[in-house]
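Worksheet for the structure shown next.
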Amino acid sequence: QKEVEQDPGPLSVPEGAIVSLNCTYSNSAFQYFMWYRQYSRKGPELLMYTYSSGNKEDGRFTAQVDKSSKYISLFIRDSQPSDSATYLCAMSINSNSGYALNFGKGTSLLVTP
Amino acid sequence: DSGVTQTPKHLITATGQRVTLRCSPRSGDLSVYWYQQSLDQGLQFLIQYYNGEERAKGNILERFSAQQFPDLHSELNLSSLELGDSALYFCASSDPSSTSGGNIQYFGAGTRLSVL
């Protein structure tokens, strides 16, 4: 069983919809939770990160972490065609010098005009 | 632009050959990470260097090696290449002096390796 599970989709929504992306994990030592966006054949771009539990909002994006359920979510409000990409969740333990990220396989999102 | 630079963008080579991938981290970042992305496996951690020293190893094959130089750039060497090594290889870097410690990684644009 992989440490991080993510539904690969694809997920297709109309423009303006609210998108919900989710990951589950098994390692309770994870403390940092990230969401990356990856356009086709490009490098992962950091969208948001959360330390430990709670919510974080940045513009149209909201990240939630529920450590009791080992479940994280990313919500995209008022989705735009430019949001069409693969969304990767990633997580790691806390280490000052940094630590390997464990990634989900990514969810492919298509926002149609 | 993440500030992490990877060269070359694309490499085409034959089985049995050896290639070197290069990464320049963001200015001041001491940690460099290498990841492999294939269609079936997703992003897999290979190896981490911190200020010139190997810090952690993941699923890195013995045919693969890496190093980090005094100017903090890093190279990933892949030898005796096989068809299955065809993938995207990403470098990432992080800054231990930031408020989040070294936990937040920024990725380069990647090197696409095609082994024919």
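No lab work stands behind these numbers, since they all come straight from the coordinates. Just so we're clear, the structure is a prediction, and the values are computed from it rather than from any experiment. Methodologically, a virtual Cβ is constructed for each residue, glycine included, from the backbone with ideal geometry; neighbour enumeration extends over all protein chains shown.
Inside segment B:92-116, can you point out the residues that are surrounded by fewer than 18 Cβ atoms within 10 Å (Cβ to Cβ) and of a type in the set (D, E, K, R)?
As a first pass, look at segment B:92-116 and keep what is surrounded by fewer than 18 Cβ atoms within 10 Å (Cβ to Cβ): B:97-100, B:112, B:114, B:116.
Hit for segment B:92-116 is B:Arg112, nothing else.
Can you tell me which residues in segment A:1-51 are exposed (fewer than 15 other Cβ atoms within 10 Å of the Cβ), of a type in the set (Ser, Thr, Tyr) and within 12 Å of chain B (Cβ to nearest Cβ)?
A:Tyr39, A:Ser40
Can you tell me which residue in segment B:56-87 is surrounded by the fewest Cβ atoms within 10 Å (Cβ to Cβ), limited to those that are of a type in the set (Ser, Thr, Tyr) and within 12 Å of the chain's Cα centre (by Cα)?
B:Ser65
Residue check: is B:Ile47 in contact with a Lys or Arg (Cβ under 7 Å, 6 or more places away or on another chain), of a type in the set (A, V, I, L, M) and free of Cβ contacts under 8 Å to residues at least 40 places away in the same chain?
Here the answer is yes, as B:Ile47 does meet what is asked.
Given the criteria more than 11 Å from chain A (Cβ to nearest Cβ) and in contact with a Ser or Thr (Cβ under 6 Å, 6 or more places away or on another chain), does B:Ser24 qualify?
So B:Ser24 passes the test.
Exposed (fewer than 13 other Cβ atoms within 10 Å of the Cβ), of a type in the set (Asp, Glu) and touching a Leu at 6+ places or on another chain (Cβ under 9 Å), is that true of A:Asp58? Steps first, answer last, please.
Numbers: exposed (fewer than 13 other Cβ atoms within 10 Å of the Cβ): yes; of a type in the set (Asp, Glu): yes; touching a Leu at 6+ places or on another chain (Cβ under 9 Å): yes.
Criteria met by A:Asp58.
Please report, ordered by residue number, the strands (runs of 3 or more DSSP E) entirely within segment B:35-78 with at least 1 residues that are away from chain A (no Cβ under 14 Å) and either among the basic types (Lys, Arg) or touching a Leu at 6+ places or on another chain (Cβ under 6 Å) (or both).
Values: elements: B:42-50, B:53-57, B:64-68, B:74-78.
In segment B:35-78, B:64-68, B:74-78 are the strands (runs of 3 or more DSSP E) which contain 1 or more residues that are away from chain A (no Cβ under 14 Å) and either among the basic types (Lys, Arg) or touching a Leu at 6+ places or on another chain (Cβ under 6 Å) (or both).
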